[in-house]
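> Here it is: the structure, laid out below.
The values are calculated or read from the model by the stated rules, or taken from the named source; none is laboratory data. Quantities reported herein were computed from a predicted structural model and do not represent experimental measurements. Every residue, glycine as well, gets a Cβ built from its backbone with ideal geometry; the counts of neighbours run over all protein chains shown.
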Amino acid sequence: MNAMQPQRERERAAGPGPCPTIRTARLTLRPHRMSDADAIAQSLGDFEVTRMLARAPAPYDRQDAAEWLAIATAGLDDGWAFAITTGDDVHIGCVAFERHGDTWELGYWLNRFYWRRGYMSEAVHAATARFLMRMPGTDIQSGVFADNPASLRVQEKTGFCITGCSDLYCVARGTMVPHIKTRLEPGDFRPAMPRP
């Protein structure tokens with residue numbers, strides 16, 4: 001057994017530590033603030049966004065955002081929930097790593113106005129790279145609803161591979177929806193390609 005292995009196991013059990021701030025070419029990923037409630041409610045008030053998320057209700061309002069932020073900003077969990085912001089600190093989405101038992105899961109969403117511009121790929125790459133620096137050797141699981149191929153492409157560009165398919169309940173849609181499961185194994189992370 002490697003002498004460093006018990007230390008790595010303790011670090012993995014403890015989580016990645018406080019949520020950092022990350023700057024990319026076009027974005028800043030930062031910890032959430034209670035003042036983000038209006039922007040979150042506006043983004044998730046759009047059914048085209050919430051229908052692609054498993055747990056977000058529809059309609060989604062400011063109270064829903066405030067309740068989520070009360071937990072996310074209190075430091076009560078050991079994961080990360082980044083606010084995705086533009087250069088002028090406009091909140092446009094979220095990328096998060098949550099622990100579910102012994103498993104880490106990646107989740108994310110983006111305001112529909114910012115779709116198809118490469119912002120989510122940029123954010124997921126940056127957040128995953130930092131997470132893996134803090135939690136080397138960690139498997140990360142994720143998934144997408146089968147009718148969301150753009151989200152699957154984001155994951156595949158990052159190195160996630162499809163591991164299966166099943167039905168998952170979508171709160172916003174109020175029904176079971178085909179869901180593609182994905183996983184990023186240690187060593188499979190693909191660094192972001194530089195933007196032209």
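> Considering only the range 46-64, I want to know if a residue exists there that is over 26 Å from H179 (Cβ atoms) and at pLDDT 95 or above.
At the first step, the residues of the range 46-64 found to be over 26 Å from H179 (Cβ atoms) are 62-63.
From what is left, the residues that are at pLDDT 95 or above are 62-63.
Yes, the range 46-64 contains at least one residue that is over 26 Å from H179 (Cβ atoms) and at pLDDT 95 or above.
> Also: Please determine, by comparing only the residues of the range 57-80 that are touching a strand residue (DSSP E or B) at 6+ places or on another chain (Cβ under 8 Å) and not acidic (D, E), which one is surrounded by the fewest Cβ atoms within 10 Å (Cβ to Cβ). Don't jump to the end; show me each part of the working.
Of the residues in the range 57-80, the ones touching a strand residue (DSSP E or B) at 6+ places or on another chain (Cβ under 8 Å) are 72-73, 77-80.
Imposing the further condition that a residue be not acidic (D, E) reduces the set to 72-73, 79-80.
Numbers: A72: 24, T73: 16, G79: 18, W80: 25.
The selected residue is T73.
> For the structure I just gave you, tell me whether A83 is at pLDDT below 95, farther than 22 Å from P186 by Cα and surrounded by 20 or more Cβ atoms within 10 Å (Cβ to Cβ).
Here the answer is no, as A83 does not meet what is asked.
> Going through the range 111-153 one residue at a time, which ones are surrounded by 18 or more Cβ atoms within 10 Å (Cβ to Cβ) and in a loop (DSSP other than H, G, I, E, B)?
N111, M135, T138
> Let me spell it out: the conditions are (1) closer than 18 Å to M52 by Cβ; (2) of a type in the set (A, V, I, L, M, F, W, C); (3) under 11 Å from the mean Cα position of the chain (by Cα), and A83 meets all of them except one. Which number is the exception?
Status for A83: all satisfied but (1).
> Output the number of the condition that I180 fails; it satisfies all remaining conditions of (1) in a strand (DSSP E or B); (2) surrounded by fewer than 16 Cβ atoms within 10 Å (Cβ to Cβ).
(2)
> Residues that are of a type in the set (F, W, Y), surrounded by 14 or more Cβ atoms within 10 Å (Cβ to Cβ) and over 12 Å from the mean Cα position of the chain (by Cα): does the range 90-99 have at least one? Step through it out loud before you land on a result.
Going through the range 90-99, the residues of a type in the set (F, W, Y) turn out to be 97.
Keeping just the survivors that are surrounded by 14 or more Cβ atoms within 10 Å (Cβ to Cβ) gives 97.
Keeping just the survivors that are over 12 Å from the mean Cα position of the chain (by Cα) gives none.
Scanning the range 90-99 turns up no residue that is of a type in the set (F, W, Y), surrounded by 14 or more Cβ atoms within 10 Å (Cβ to Cβ) and over 12 Å from the mean Cα position of the chain (by Cα).
> Could you grab me the full set of residues in the range 30-55 that are among the hydrophobic types (A, V, I, L, M, F, W, C) and under 18 Å from the mean Cα position of the chain (by Cα)?
Let us first name the residues in the range 30-55 that are among the hydrophobic types (A, V, I, L, M, F, W, C), namely 34, 37, 39-41, 44, 47, 49, 52-54.
The answer is A37, A39, I40, A41, L44, V49, M52, L53, A54.
> Next up: Taking the criterion of being under 25 Å from P149 (Cα atoms) and of a type in the set (V, I, T), would at least one residue in the range 62-79 satisfy it? Even if it seems obvious, please write down each step before you answer.
So in the range 62-79, the residues under 25 Å from P149 (Cα atoms) come out as none.
No, the range 62-79 has no match at all.
> Considering the range 19-72 alone, what residues qualify as being part of a helix (DSSP H, G or I), in contact (Cβ under 8 Å) with a residue 40 or more places away in the chain and among the acidic types (D, E)?
Pass one, the range 19-72, residues part of a helix (DSSP H, G or I): 34-44, 47-50, 62-72.
Filter once more, so that each one left must be in contact (Cβ under 8 Å) with a residue 40 or more places away in the chain: 36, 39-40, 42-44, 47-50, 72.
D36, E48 - these are the residues of the range 19-72 that are part of a helix (DSSP H, G or I), in contact (Cβ under 8 Å) with a residue 40 or more places away in the chain and among the acidic types (D, E).
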